[in-house]
Amino acid sequence: FADRIQHHCFGTGVLSPTAASELWTLRAEILDRALRAESARWGDHRRDINPSSQGHQSSDFDLYTVENTTRPVSDYLVESYFPVRRDVIVQQLRNDNLYPSVDAPVLTPGSGPISTGVVISNPNPTGSIIYTTDGSDPINSTTALTYSAPVNLTASGPVRVRILDRAEWSALVEAIYIVGPPAADGNL
């Protein structure tokens, strides 16, 4: 479970702050035209029938428009909600012992073509970085190594990494690297 949270909520995961904001913005742009058309169809539905007879101020009966209803909510989500929501969820999961207190390692670069070594950093004050390059999980692998210098790959493939701090393992971080020129039309 913790590995799936790590995969989806960090890095380029769909629930990371950046990806969630980008996805929301994309969907909001798609819906914007439809919302405007619906608003025009219904005449920006007013909440009042006869405000003067009901003792209301005119500001109580502003029109529903994309600019004064939908857009402020969308802006709030992108600017205030998505940037902090992932951290709130992770803390809730940690409080319920569903996510480790040991932060996962960071790989640089994150994945893709590589010409130099993979640098792995530990965001925790203590703990050892344990990794594999054969696709196995470092927790139960006989080929796992302790990180001490950039990992120089000789072949394309995965790097899987965890941090071990005392008896607690971090969530898994995995990246796939391409060594040498990537495949193209002329070199399949």
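The values are calculated or read from the model by the stated rules, or taken from the named source; none is laboratory data. Please read all numbers here as calculations on a predicted model, not as lab measurements. Counting neighbours? That spans all protein chains shown, and the Cβs are built from the backbone with ideal geometry, glycine included. All accessible areas refer to the heavy atoms of the entire protein, side chains included, with ligands and DNA or RNA removed. Shrake-Rupley method; radii C 1.70, N 1.55, O 1.52, S 1.80 Å.
Side notes on the structure shown:
- Pair list, Cβ under 6 Å, 6 or more apart: region 135-151 residue of a type in the set (Gly, Ala, Ser), other residue at pLDDT 95 or above and surrounded by 13 or more Cβ atoms within 10 Å (Cβ to Cβ): Gly135/Pro158; Ser141/Thr132; Ala144/Ile130; Ala144/Thr132; Ala144/Pro138
- A Cβ distance below 7 Å, combined with a sequence gap of six or more or placement on separate chains, defines the contacts here; from region 88-103, residues that are within 18 Å of Leu164 (Cβ to Cβ) and without any contact (Cβ under 8 Å) to a residue 12 or more places away in the chain reach residues that are of a type in the set (S, T, N, Q) and part of a loop (DSSP other than H, G, I, E, B) in the pairs Arg94/Ser101.
- Positions within region 91-135 being in a loop (DSSP other than H, G, I, E, B), touching a helix residue (DSSP H, G or I) at 6+ places or on another chain (Cβ under 6 Å) and hydrophobic (A, V, I, L, M, F, W, C), in sequence order: Ala104
- Any hit, region 155-164, residues being of a type outside the set (Gly, Ala, Ser), over 22 Å from Gly13 (Cα atoms) and open to solvent by 70 Å² or more (accessible area, probe 1.4 Å): no
- Residues in region 129-146 that are open to solvent by less than 50 Å² (accessible area, probe 1.4 Å) and under 20 Å from Ser101 (Cβ atoms): Ile129, Ile130, Asp137, Pro138.
- The criterion of being β-branched (Val, Ile, Thr), touching a strand residue (DSSP E or B) at 6+ places or on another chain (Cβ under 6 Å) and in contact (Cβ under 8 Å) with a residue 40 or more places away in the chain holds for Val118.
- Region 84-128, subset crowded, with 17+ Cβ neighbours inside 10 Å and charged (D, E, K, R), residue nearest to the chain's Cα centre (by Cα): Arg86
- Members of region 41-54 that are surrounded by 10 or more Cβ atoms within 10 Å (Cβ to Cβ) and either at pLDDT 95 or above or part of a helix (DSSP H, G or I) (or both): Pro51, Gln54
- The residues listed here are Ala155, Ala175; of these, the one that is in a loop (DSSP other than H, G, I, E, B) and hydrophobic (A, V, I, L, M, F, W, C) is Ala155.
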